[in-house]
Amino acid sequence: MAGESEQFVIPQFIDVESKIIGPVTVRQFTLIMASGLVGAVIYKLFDFSLFLLLVIPLGIVTLLFAFVKINGQGLHYVALNWVQTLRRPSLRVWNKNKSDAELRAKIFKKELPPPPPSYTKPSLHGSRLRDLSLVVNTGGVFVPDDEKIT
């Protein structure tokens, strides 16, 4: 038994939605229920002619999004893909304004690196060094003459 390997069950139909009532899936049922609730609110708030004017298109759109599939994908995926395509078209157009000679000159142009910045430290004179030493030794209590406020 040492040479045998364990076998595992691999799920095969992972893209099939679970059905709850006959052929209706959870997503479809939720969409229809939400649309029905919105329709009930519209019925309570508005008169009957406006109710019909609003609920009929709402029902049609709900049924389309719930049951219509295009190329095996639900209409909501198709609509999302369509909106993303409108926002970011994949067609790129090159607008060539420069001549080939200008492009070659830009490609082969050697840019010199910027010169390194020069750092100069002020030299410490005897009096300045003595003043700094006093500031450190006194814990900042001593104030040199050149920094005193008059």
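The values are calculated or read from the model by the stated rules, or taken from the named source; none is laboratory data. Note that this is a predicted model, so its numbers are computed, not measured. Neighbour counts run over all protein chains shown; Cβ positions are idealised from the backbone, glycine included.
Do we have Ile42 as of a type outside the set (Phe, Trp, Tyr), assigned to a helix (DSSP H, G or I), touching a Phe, Trp or Tyr at 6+ places or on another chain (Cβ under 6 Å) and surrounded by 10 or more Cβ atoms within 10 Å (Cβ to Cβ) here? Spelling it out, Ile42 is indeed of a type outside the set (Phe, Trp, Tyr), assigned to a helix (DSSP H, G or I), touching a Phe, Trp or Tyr at 6+ places or on another chain (Cβ under 6 Å) and surrounded by 10 or more Cβ atoms within 10 Å (Cβ to Cβ). Scan Val61, Val78, Val26 and give me the residue that is under 31 Å from the mean Cα position of the chain (by Cα), surrounded by 13 or more Cβ atoms within 10 Å (Cβ to Cβ), modelled with pLDDT under 95 and not hydroxyl-bearing (Ser, Thr, Tyr). So the residue among Val61, Val78, Val26 that is under 31 Å from the mean Cα position of the chain (by Cα), surrounded by 13 or more Cβ atoms within 10 Å (Cβ to Cβ), modelled with pLDDT under 95 and not hydroxyl-bearing (Ser, Thr, Tyr) is Val78. Residues of segment 18-50 that are over 23 Å from Val68 (Cα atoms) and in contact (Cβ under 8 Å) with a residue 12 or more places away in the chain: Ile42, Tyr43.
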